[in-house]
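Nothing in this text is a laboratory measurement; each read-out follows from the coordinates by a stated rule. From a predicted model like this one, the values you see are computed outputs, not experimental measurements. Methodologically, a virtual Cβ is constructed for each residue, glycine included, from the backbone with ideal geometry; neighbour enumeration extends over all protein chains shown.
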Amino acid sequence: MAALSEYTNVYNTALLVLKHKGYRLWYDDDTNCFCAEKGGWDFMSESPCGLLGLISIFEFQRPNEWHEYWWRQEGPNLYSELPHTPPPYEPVAQAARKR
């Protein structure tokens, strides 16, 4: 089992993190999406975890101004190349149970 995965019991924590970072939050009934805004930059996702992920891209890219595809990161197409098995590692939950 993963140390953390997207599930509804994580949603409030994701929203609290965004609020702590200074984002204004709302739920759009017309689109059924969670929304956030800060400094004129606005974001929309079907889940609070997705919203947190989009904002992580924004904070990683740190754009000075809007332009088309400002969020795009150049590099290999990992989405189509991801392996279907994990690399060898010891999950932290498993290590904690050993103690």
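Numbers at a glance
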{"read-out": "Out of PRO76, PRO63, sole residue that is of a type outside the set (A, V, I, L, M, F, W, C), in contact with a Phe, Trp or Tyr (Cβ under 7 Å, 6 or more places away or on another chain) and in a loop (DSSP other than H, G, I, E, B)", "value": "PRO63"}
{"read-out": "Leading residue by the ranking (farthest from ASP30 (Cα to Cα)) among those in region 43-99 that are out of contact with any strand residue (DSSP E or B) (no Cβ under 7 Å at 6 or more places or on another chain) and acidic (Asp, Glu)", "value": "GLU90"}
{"read-out": "Members of region 79-95 that are among the acidic types (Asp, Glu) and either under 22 Å from TRP41 (Cα atoms) or not in a helix (DSSP H, G or I) (or both)", "value": "GLU90"}
{"read-out": "Residue that is farthest from ASN9 (Cα to Cα), among those in region 31-53 that are hydrophobic (A, V, I, L, M, F, W, C) and crowded, with 16+ Cβ neighbours inside 10 Å", "value": "PHE43"}
{"read-out": "Long-range neighbours under 9 Å by Cβ, at least six apart or interchain, first residue surrounded by 14 or more Cβ atoms within 10 Å (Cβ to Cβ) within region 1-30, second among the aliphatic types (A, V, I, L, M) and part of a loop (DSSP other than H, G, I, E, B)", "value": "VAL10/LEU4"}
